[in-house]
Amino acid sequence: MRSNTLFAGFAQRLTRGYVLLAFLLIVGVAGTTTTIAFLQYAASLNDAVSTTGHRVDQLAASAQARHQSLSQYAPAIVKDAQRPRIHVFVRNEQHAIVAGHDEPVSRTAEIIGAVLGIHGHVTRVPGGIIIVAPDLDGFTHFLAFYWSITLPVGILAILAAWFVGRRITRNAIEPLVDVTHALRKIADGDFTPQPLLHSNTELRDLTGAYDDVAYRLSAATAERLRNEAEMRQFIADAGHELRTPLTVVMGYLDALQQGVVRDPDGISRVHETMLAESRRMRTVIEKLIFLARLERKGGLRSEPIDLAGLGQRAVDALQPIAAGRIRYTHAGAPAIVGDDAELYEAMKNVLENALKYAPDSPVRFTVDSDGAYARATVADEGPGMDAVDIEHAFDRFYRGSARTQAEGSGLGLAIAKRALDRIGGSIAIQSLPGQGTTVVMRFPRQPAVGN
């Protein structure tokens with residue numbers, strides 16, 4: 001598995017932890033059951049010794065009542081009282097064996113007997129003693145037999161725990177390995193989301209968090225690349241738009257400096273041309289600055305605006321170039337909320353475009369309501385637009401097929417769209433070649449008081 005090298009130390013520690021846990025559980029269970037079994041065994045052995053001891057006491061008392069000597073009744077008592085797991089033997093006062101066998105007890109058996117509290121029974125009689133002793137060597141044999149079964153089973157259980165622990169560790173670490181490889185790809189600059197394992201429910205949150213990060217990084221990267229491309233295009237377009245009037249101005253300045261134009265009328269025309277080109281550059285620069293402000297997030301003022309009054313201000317500002325061609329009507333006074341300066345510039349740019357690109361046409365300008373929105377419609381009867389022009393109409397510096405017939409910066413509709421987007425409104429163009437153009441701007445209406 002791939003985690004042989006990645007997370008290898010962690011995997012080994014985790015596996016050892018499983019094995020150690022299994023070992024402790026086996027030792028704990030085996031030790032507990034062994035202790036209980038041995039205590040029960042010791043209790044039953046002590047009961048047998050006690051019962052046999054009472055029997056010996058009774059037999060000895062009966063023999064003494066018949067005036068028998070110890071040597072006479074000792075063999076009968078040993079024969080009658082002998083039991084499995086118990087030794088019965090008789091000693092005289094000189095500690096010599098009279099009956100039974102005093103089998104030697106190993107040191108291990110003595111220690112185990114002392115620990116478990118196993119003890120014998122001694123009956124003192126005239127002429128000697130009768131001893132009832134537990135068979136401790138038999139007990140140690142039982143203990144050895146028990147452990148001869150328990151130890152192999154325990155070893156097999158530990159081996160099984162090791163194999164199972166490795167499998168559990170592999171399953172637990174595999175998602176970590178996948179996420180690590182995926183994160184390393186991100187670190188190398190590859191933000192493509194990688195397919196990860198989702199079957200491991202314990203680590204599903206981790207893989208889900210990676211997916212979220214990967215998708216957001218991918219989206220952010222795409223957005224950054226798009227913004228960079230737009231910025232490069234913006235700079236190129238702005239440079240192109242400013243280069244032409246600047247070239248004209250510099251050319252005329254050169255002509256004046258070299259004395260090419262000397263007569264007063266020629267000099268006057270040169271000055272007028274340079275002034276016109278300078279104004280054109282100023283207009284482009286002002287609109288670029290305004291558009292850059294609209295592109296920034298935040299900074300949007302929210303104030304109630306009378307859309308009909310806003311439209312009237314735009315019409316009044318354009319009257320010098322409109323020559324009475326704007327026919328303005330409004331139904332009521334729909335109120336909207338937004339930035340007055342931005343929306344005024346948007347509306348004025350749309351009207352100005354209609355005046356420039358339909359120079360021989362009246363321009364109908366209407367403000368009314370459309371459900372939850374207020375609407376401003378600008379319609380002309382000019383040359384119209386084809387599908388390509390409509391598609392790119394809101395691009396910066398795009399002037400369409402009529403660009404050679406009318407001067408303009410190509411920024412007006414881009415400014416209008418951005419201003420309306422910032423307040424949640426919209427702008428749309430309806431046009432066909434030769435059938436005029438209609439631009440519809442929709443503004444969210446101001447909620448009624450109490451709503």
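The values are calculated or read from the model by the stated rules, or taken from the named source; none is laboratory data. Fair warning: this is a prediction, and the values are worked out from it, not measured in the lab. Cβ atoms come from the backbone with ideal geometry, glycine included; neighbour counts cover every protein chain shown.
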Residues of segment 54-70 classified as assigned to a helix (DSSP H, G or I) and in contact with a Gly (Cβ under 8 Å, 6 or more places away or on another chain), total: 1
Number of positions in segment 357-383 that are surrounded by fewer than 18 Cβ atoms within 10 Å (Cβ to Cβ), without any contact (Cβ under 8 Å) to a residue 60 or more places away in the chain and either of a type in the set (D, E, K, R) or not in a loop (DSSP other than H, G, I, E, B) (or both): 4
Pairs where the first residue, in segment 245-256, is under 14 Å from His271 (Cβ atoms) and the second is part of a helix (DSSP H, G or I), C-beta under 6 Å, 6+ apart: Val248/Glu277; Val249/Met274; Val249/Glu277; Tyr252/Val270; Tyr252/Met274
Every residue from segment 131-173 that is polar (S, T, N, Q) and in contact with a helix residue (DSSP H, G or I) (Cβ under 8 Å, 6 or more places away or on another chain): Thr140, Thr150, Thr169
Among the candidates Glu381, Glu342, residue that is assigned by TED's automatic domain parsing to the domain that holds Thr437 and at pLDDT below 90: Glu342
Some residue of segment 271-284 being loosely packed, with under 12 Cβ neighbours inside 10 Å, within 56 Å of the chain's Cα centre (by Cα) and on the phi > 0 side of the Ramachandran plot: no
Within segment 132-152, tally of residues that are modelled with pLDDT under 80, closer than 22 Å to Arg83 by Cα and of a type outside the set (A, V, I, L, M, F, W, C): 5
Hits in segment 154-172 - residues which are of a type in the set (D, E, K, R) and without any contact (Cβ under 8 Å) to a residue 12 or more places away in the chain: Arg167
Failed item in (1) within 28 Å of Gly382 (Cα to Cα); (2) out of contact with any Pro (no Cβ under 7 Å at 6 or more places or on another chain); (3) among the acidic types (Asp, Glu), with Glu277 passing the rest: (2)
